[in-house]
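The values are calculated or read from the model by the stated rules, or taken from the named source; none is laboratory data. Keep in mind the model is a prediction, meaning the values are calculated, not measured. Neighbour counts run over all protein chains shown; Cβ positions are idealised from the backbone, glycine included.
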Ligand code: F6R
């Protein structure tokens, strides 16, 4: 199988964040020229924070954006400061709105009574928006993308999932106790992600070095490494800093 990943390595996190923001901004402009709007898929986590900080300085009121976040804990209240809703509001939606850019910001509803119905609604909302132009992803140490943990099927759709023990462990740093760490989430599926027209995967720091070297060495997808399905997509850009690049 042809490897399609287009890899760029930057000296440090700050440069990676600036370059990622420039890349996203260029795509927003290009897509805008074609259809007066742009649909982005967005991640939370530590990795994209620098990119969001840069991006909000570039976007202005001439842009119409629709965004779909990858995932949200379930169940969780929107105003819980660990919810992805809270994170996005702080890192992106509020700063963008204060730049008066027009936006429609979507994220799975962690408060939904019926999670299955919420998953179907979310898939439909992505379709109604015309699909995702550019999906931005982080990667877990175990190769997860969104909350698609090892074993996720390549044609999986938005659904309720159990969070892998290693991810619960990794997330516990943000919560007061292990008992508070959510064990379930609503996530776009691998199939949902792969339908995006273009994908930008970001990885920074030593903790991502192992998974990145595994990913870059793969000849074909491996079901135990959800990010490996990305090698089947024709337009995937991988932005790394030197610490993440083995
Ligand atoms: C977050 C998400 C996750 C993260 C991944 C990396 O919305 O979908 O897959 O992208 O866990 O997280 P960080 O950037 O904190 O290392």
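Selection of region 161-198 for residues being touching a helix residue (DSSP H, G or I) at 6+ places or on another chain (Cβ under 7 Å), surrounded by fewer than 16 Cβ atoms within 10 Å (Cβ to Cβ) and closer than 21 Å to residue 122 by Cβ yields only 183.
Each row is one residue, and each column tells you yes or no for (1) within 25 Å of residue 128 (Cβ to Cβ); (2) in contact (Cβ under 8 Å) with a residue 40 or more places away in the chain; (3) within 12 Å of the ligand (Cβ to nearest atom).
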| residue | (1), (2), (3) |
| --- | --- |
| 10 | no, yes, no |
| 38 | yes, yes, no |
| 44 | yes, yes, yes |
| 51 | no, yes, yes |
| 88 | yes, yes, yes |
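For residue 231, are the conditions met, namely being at pLDDT 95 or above, crowded, with 16+ Cβ neighbours inside 10 Å and within 27 Å of residue 15 (Cα to Cα)? In short, yes.
Among the residues of region 53-85, the ones that are outside any loop (DSSP other than H, G, I, E, B), buried (at least 20 other Cβ atoms within 10 Å of the Cβ) and within 16 Å of the ligand (Cβ to nearest atom) come to 10 in all. Within region 86-121, being modelled with pLDDT of 95 or more, surrounded by 17 or more Cβ atoms within 10 Å (Cβ to Cβ) and part of a loop (DSSP other than H, G, I, E, B) holds for 107, 108, 109, 110, 112. Would you check if there is a residue in region 158-179 being more than 9 Å from the ligand (Cβ to nearest atom) and under 15 Å from the mean Cα position of the chain (by Cα)? Among the residues of region 158-179, at least one is more than 9 Å from the ligand (Cβ to nearest atom) and under 15 Å from the mean Cα position of the chain (by Cα), which makes the answer yes. Restricting attention to region 199-228 and to residues that are closer than 16 Å to residue 8 by Cα and surrounded by fewer than 20 Cβ atoms within 10 Å (Cβ to Cβ), the residue that is farthest from the ligand (Cβ to nearest atom) turns out to be 217.
In region 182-196, of all residues being touching a strand residue (DSSP E or B) at 6+ places or on another chain (Cβ under 7 Å) and within 26 Å of residue 18 (Cα to Cα), the one that is farthest from the ligand (Cβ to nearest atom) corresponds to 196.
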